[in-house]
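To start, the structure under review is shown below, and the notes come after it.
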Amino acid sequence: MSVFVSIQIRMDIYWLGQACIKLKGKNATILIDPYDPQMVGLKLPKDMSADMVLITHDHQDHNFSSVTTGIKTEKPMVFSDPGEYEVAGVVVTGVSSFHDNSEGSERGVNTIFQLMFDRLNMVHLGDLGQHELTETQIAQIGEVDILFVPVGGKYTIDGKAAGAIVSQLEPKIIIPIHYKIEGLKFELDGVEQFLKEMGAEGVIPQPKLSITKDKLPEEPLVVVLAKS
């Protein structure tokens, strides 16, 4: 008799400040929205190596791919536009969106990235400015296990609008990004309004999230990451 064992692959998720996320899986490492430290005022870790870099839009606090290095090659693959991509077994779909609530007339366009990575469906909203997603965008994004959502307002949706976007996508884990922390050179709202909207006041930041598909919560869970 054959016995089949399901091996669950652990994903390690780090927040590097602003909208910069590092995803480290079994066979690949991905960086999303690396920033220019001098412009932002925050420090990046020494290890900025990755197999793939995703850039949601062309602003200095999101597009500093020159700071990254490759793992198997000298430089990682870099993608910034809507479309479908695959590197090291990670399937990425870029979905067109707007950086403001006026169809891009104020701040231009933004690419939402949906990743199928080690059996987890992850979505990074970048600098989304739309107060709600369209039915087409929701269909393109699909199922969401883990959502990275901006909550700092000013240049993106604020905590209240972020809560509405969460309701549209119904993710299992919600990780707020792009909000005011110590050292940031420009003004954003803190994470508190969003946590209040989600009924998650008092959540303690953790250094990283380690997760597998079978450990996803049954009810939506807000996870606050401390800057790495």
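Annotation note: Cβ proximity below 6 Å between a residue of the stretch 145-168 that is on the phi < 0 side of the Ramachandran plot and in a loop (DSSP other than H, G, I, E, B) and a residue that is of a type in the set (D, E) and buried (at least 24 other Cβ atoms within 10 Å of the Cβ) (sequence gap 6+ or interchain) occurs for T156/D127. For beta carbons closer than 9 Å, sequence separation of 6+ or different chains, a first residue in the stretch 126-142 that is without any contact (Cβ under 8 Å) to a residue 40 or more places away in the chain and among the acidic types (D, E) and a second that is assigned to a helix (DSSP H, G or I) and surrounded by 13 or more Cβ atoms within 10 Å (Cβ to Cβ), the qualifying pairs are E132/A161; E132/A164; E132/I165; E132/Q168. Restricting attention to the stretch 72-83, does a residue exist that is in contact with a helix residue (DSSP H, G or I) (Cβ under 8 Å, 6 or more places away or on another chain) and either closer than 14 Å to H124 by Cα or among the aromatic types (F, W, Y) (or both)? No; the residues of the stretch 72-83 include none that is in contact with a helix residue (DSSP H, G or I) (Cβ under 8 Å, 6 or more places away or on another chain) and either closer than 14 Å to H124 by Cα or among the aromatic types (F, W, Y) (or both).
Could you please let me know if D51 is touching a helix residue (DSSP H, G or I) at 6+ places or on another chain (Cβ under 9 Å) and of a type in the set (D, E)?
No, not satisfied.
When the stretch 77-123 is filtered for residues that are open to solvent by 10 Å² or more (accessible area, probe 1.4 Å) and among the hydrophobic types (A, V, I, L, M, F, W, C), the ones remaining, listed by number, are M77, V78, F79, V87, A88, V91, F98, V109, M116. Taking the numbered list (1) under 15 Å from the mean Cα position of the chain (by Cα); (2) assigned to a loop (DSSP other than H, G, I, E, B) in turn, I175 passes all entries but (2). When restricted to residues that are farther than 20 Å from G152 by Cβ, open to solvent by 50 Å² or more (accessible area, probe 1.4 Å) and in a strand (DSSP E or B), the stretch 211-228 contains 1.
The values are calculated or read from the model by the stated rules, or taken from the named source; none is laboratory data. Being a predicted model, the structure only gives us computed values, none of them experimental. Here Cβ is always computed from backbone atoms with ideal geometry, including for glycine, and neighbour counts include all displayed protein chains. Heads up: the accessible areas ignore ligands, DNA and RNA and are worked out on the full protein's heavy atoms, side chains in. Shrake-Rupley method; radii C 1.70, N 1.55, O 1.52, S 1.80 Å.
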